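K.L.:
Dropping the structure in here first, questions after.
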Amino acid sequence: MTYEETLELLILQYPGKTHLKVEEVARVLNQHPDTVRERMRSGDLPKAEKNNGIWEVSIPDMARIRTPPSKAPQIPSPPVIVGGARRRKAVVMNYRTDRFWAQVARVLGDIETADVLDLRAQDLYDEQVRLYLLDRSEKRRAQLAAIATSARLDSSGANGLNDL
């Protein structure tokens, strides 16, 4: 969303107003009013002014704050690590990294990139779960085969003793 579109939307949402108070800024930024008030006090929200003891931000300044930068951050490529436990750790890190960058892209307004990263993170997670379940089933199958073999040996040994 461009600055002009954001400004137009804010003007439509708050007709007749030139400045937004703390509660309105909090609604626009989707934050708690106390958080917004603290950000205004600390100077974290640029152009926030205190008029007659009330914190306010002008609508054009609010549009500048809400407008994401024109370019999304560069998303790092995932590291390739080969090996058992190290691979699982890398997959978990890639999953978390992709989820993080998806949230960043979504906040910046790049929904397409966010959706791609969310899908990639979910695919990594699903693949890791599939590999874990496959490994667990192979171990259980081997345990059951060992139990079956020992049961066969026990039963054949018992029959041999009965025949004597």
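The values are calculated or read from the model by the stated rules, or taken from the named source; none is laboratory data. Source: prediction; values computed, not measured. Neighbour counts are summed over all protein chains in view; Cβ atoms, including those assigned to glycine, are modelled from backbone coordinates with ideal geometry. Accessible surface is based on the protein model in full, side chains and every heavy atom, while ligands, DNA and RNA are left aside. Shrake-Rupley method; radii C 1.70, N 1.55, O 1.52, S 1.80 Å.
K.L.:
Sort 139-146, 124-131 for me by packing, meaning the mean count of neighbouring Cβ atoms within 10 Å per residue, highest on top.
P.N.:
Taking the mean over residues of other Cβ atoms within 10 Å, the ranking is 124-131, 139-146.
K.L.:
Also, quick follow-up: At 1.4 Å probe radius, can you tell me the per residue accessible area of region 22-70 in Å²?
P.N.:
Here the per-residue accessible area is 61 Å².
K.L.:
Would you mind counting up the charge near ASP34? Only other residues with Cβ under 12 Å from its Cβ, with Lys and Arg at +1 and Asp and Glu at -1.
P.N.:
Computed value for this residue: +1.
K.L.:
Once R0 is set to 30 Å, what does the formula 1/(1 + (r/R0)^6) return for the Cβ-Cβ distance between THR18 and ARG41, expressed as a FRET efficiency to the nearest 0.05?
P.N.:
With a Förster radius of 30 Å, E is 0.85.
K.L.:
Peptides 8-15, 46-53, 59-66: what's the order by average Cβ count within 10 Å, highest mean first?
P.N.:
59-66, 8-15, 46-53
K.L.:
Would you tell me the accessible area of ILE147, worked out with a 1.4 angstrom probe on the heavy atoms of the protein chains, in Å² to the nearest 10?
P.N.:
Number for this one is 110 Å².
K.L.:
Here's another thing I want to ask about it. Only sites in a loop by DSSP and with at most 12 other Cβ atoms within 10 Å count here; which trypsin sites (Lys or Arg not before Pro) in region 1-45 make the cut?
P.N.:
none
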